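Have a look at the structure below before the remarks.
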Amino acid sequence: MTNEQQVLNAIDAAWIVDQAERLIRIPSVTLQEQEVCRCYERQLRDLGLDVDVREVTPGRPNLYARIPGAGDGPTLMLNGHLDTIPNQNDQPFYRDGDLLYGRGSTDMKGGMAAILGTARALLSCGVRLKGDLWLTAVVGHEEPQAEKDGPCALIEDINSERTSGDRIIIVEGPDALWVMSMGSMVFTISLESDRGGLHTQYVPFSENPIRYVGDLLGRINRFQQELDDGQIHPLAGAERIDLGIVRAGDYFNRTPQHCAFTGTRRWSPGKTAADVLAELKSLAVEVVAGGGLAVQVSMEHEREPFETPLDDPLIEAVASAHRQVTTAEPELVGKRIVGDANLYVHGAGVPTIYYGPSNETAHADVENVSITRMVSSAKVYALSALGYCGIAD
């Protein structure tokens, strides 16, 4: 029997389900991950692994465990987050056929349980890799209040060599090769009048700052049309500009002193956040020229785009594993949404991809994960480790 077949045979579906249930039953909203961190630490230690408990804030640790290789192969990191969004409708844990239900089941405790299943199979078979396999869990992913403190701490620890990875698989998303994400920012365009608030009766509408709100909205609409007609990324499609908040004025017959537009901008690899910010300012200045308005453009939560080349050895290893496990060709995926890969690629310089059990119900009122796909993912991770890290003699 080959090493690959031994490892596949050692992946225990019922055991993985038990581990997933333990995790899903524990509420773990961002900044309240203490109990689920203790649980995952126990699960790793029960496999016989040493665990580096790296406190991000008191009681909220990242967890790092290593399956040591022979030392002559590349290092792979399997990574995911333990926190969830709030359980707004108090969805309980339950099982219905092939599906496990509960907050965090697909985002992303199913993937975290699959990591455990992969590790258990490799350890029980005694198959030794050439390179190290790191199993890492972070906090602080979901809610903005955490400011990505767990992923940022992991970046610090990769850069200081507290942990390591030549490549990272984030065990989230669809069971496909998610190899790129656009860049993203939240932007605010502010228009300021130096005339102060005046009675609208005494100001021609053509000179009313609020008139430029309509002009700028129209220009943003045309800009999206230009993006739609421009360079289209083959995986993620056209770049986007979207608005969610428009504010202007404080009284029905006073001209506004301040008008503000807040939205999101998503862009393809090849541009930077600084490029996009300058582009937005130029667009706004063009619209309000001659109106006596000062323009300011600011950004927050900016993330640069990432794209891992299709000939990267990790992609080749995961694609081969997917074919062996599913007997189907893997789908190549690119998304406009951003995640931790955008951080790891630019913060630690580590090529990264996503491959998970599912994400169709992520953040939904009713969240679930397929047991079949969770177990299949564990098999893909195991074969990917064998293929990428190599098998020691």
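General remarks:
- Residue match in region 311-318 (condition: β-branched (Val, Ile, Thr), at pLDDT 95 or above, in contact with a helix residue (DSSP H, G or I) (Cβ under 6 Å, 6 or more places away or on another chain) and closer than 30 Å to residue 90 by Cβ): no
- Subset of region 6-27 (residues that are surrounded by fewer than 21 Cβ atoms within 10 Å (Cβ to Cβ), out of contact with any Asp or Glu (no Cβ under 8 Å at 6 or more places or on another chain) and outside any helix (DSSP H, G or I)): 12, 25
- For region 103-117, filtered to residues that are part of a helix (DSSP H, G or I) and of a type in the set (Gly, Ala, Ser), the residue that is nearest to residue 93 (Cα to Cα) is 105.
- Scanning region 251-273 for residues that are surrounded by fewer than 11 Cβ atoms within 10 Å (Cβ to Cβ) and out of contact with any strand residue (DSSP E or B) (no Cβ under 8 Å at 6 or more places or on another chain) yields 251, 252.
- Pick from region 28-58, criterion farther than 14 Å from residue 82 by Cα and in a loop (DSSP other than H, G, I, E, B), ranking: modelled with the lowest pLDDT: 58
- In region 218-250, residue surrounded by the fewest Cβ atoms within 10 Å (Cβ to Cβ) [restricted to those that are touching a residue at least 24 places away in the same chain (Cβ under 8 Å) and more than 17 Å from residue 182 (Cβ to Cβ)]: 250
- Annotation: residue 384 fulfils all but one of (1) modelled with pLDDT of 95 or more; (2) closer than 27 Å to residue 28 by Cα; the unmet one is (2).
- Within region 121-144, if we keep just the residues that are at pLDDT below 95 and not in a loop (DSSP other than H, G, I, E, B), the residue that is nearest to the chain's Cα centre (by Cα) turns out to be 144.
- Every test in (1) touching a residue at least 12 places away in the same chain (Cβ under 8 Å); (2) in a helix (DSSP H, G or I); (3) surrounded by fewer than 24 Cβ atoms within 10 Å (Cβ to Cβ); (4) more than 15 Å from the chain's Cα centre (by Cα) is passed by residue 87 save one, and that test is (2).
- Test: residue 361 is hydroxyl-bearing (Ser, Thr, Tyr), more than 20 Å from residue 67 (Cβ to Cβ) and free of Cβ contacts under 8 Å to residues at least 12 places away in the same chain: no
- Boolean, residue 156 is outside any strand (DSSP E or B), over 17 Å from the mean Cα position of the chain (by Cα) and either within 30 Å of residue 259 (Cβ to Cβ) or in the same structural domain as residue 31 (by TED's automatic domain parsing) (or both): yes
- Applying the condition of being out of contact with any strand residue (DSSP E or B) (no Cβ under 7 Å at 6 or more places or on another chain) and acidic (Asp, Glu) to region 28-64 and asking which residue is surrounded by the most Cβ atoms within 10 Å (Cβ to Cβ) yields 35.
The values are calculated or read from the model by the stated rules, or taken from the named source; none is laboratory data. As the structure is a computational prediction, the values presented were derived from the model and not from experiment. Don't worry about glycine lacking a Cβ; one is built from the backbone with ideal geometry, like all the others, and counts go over all protein chains shown.
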